[in-house]
Amino acid sequence: MKRPTLCNYLLSFLATLLFALSSAVCSAERPAYWHLAYKPAKETRVIDLPTDLFAVQLIAVSTRKQVEDFVERHNLWDMTAVKVSRDGKPLYVLIPGVYKTRADAQAAVASLPQSVQKLKPWIRPLAGLQDAMRSAVKTSYAVSD
């Protein structure tokens, strides 16, 4: 059996260090609105999250393409779009996250690009958004986007 050399130990240590650093850098590169967001223990749909949380609504538009264009135009990432119904019509609501407190949601808004902050994002109770999502599920639409 060959004994590990100092070189092997150093290579192993460096590989571990590089992995740890790259993980930290990737996490640090994420925007503050992502870090502030509520993260359940397991992946959960927005409609199934606790109702006492807050959502930050950036836009509500009629097509997914409009959501994608908005995200690209403002260089956003890690966003969630949910389908809702308003006055019987489908809309796509773009949210950067769901937050435990209104203060966390306000901090998330403050971390968004200025071009998005100028649109005055709506901090809303998650329960209301979930109701609108349930309404969209109950409504059937004749025309698809």
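Each reported figure results from applying straightforward, stated rules to the coordinates on display, with no laboratory input. Remember, it's a predicted structure, so these values are computed and weren't measured experimentally. For neighbour counting, all protein chains shown are included, and Cβ atoms are generated from backbone atoms with ideal geometry for every residue, glycine included.
Some notes on this structure:
- Local electrostatic count at residue 32 - Lys and Arg +1, Asp and Glu -1, tallied over other residues with Cβ under 13 Å: -2
- Net charge contributed by nearby residues that have their C-beta within less than 15 Å of residue 114 (K/R +1, D/E -1): +3
- Proximal charge balance of residue 84 [Cβ under 12 Å; K/R count +1, D/E count -1]: +4
- Directionally averaged shadow of segment 32-138, computed from the convex hull of its alpha-carbon atoms, nm²: 6.4
- Residue order, fewest to most surrounding Cβ atoms within 10 angstrom, among 33, 38, 92: 38, 92, 33
- Annotation: lysines with alpha-carbon distance below 28 angstrom to residue 89 (same-chain offsets under eight excluded): 65, 118, 120, 138.
- Partner aspartates and glutamates for residue 83 [C-alpha distance under 12 Å; skip if fewer than 8 residues away on the same chain]: 131, 145
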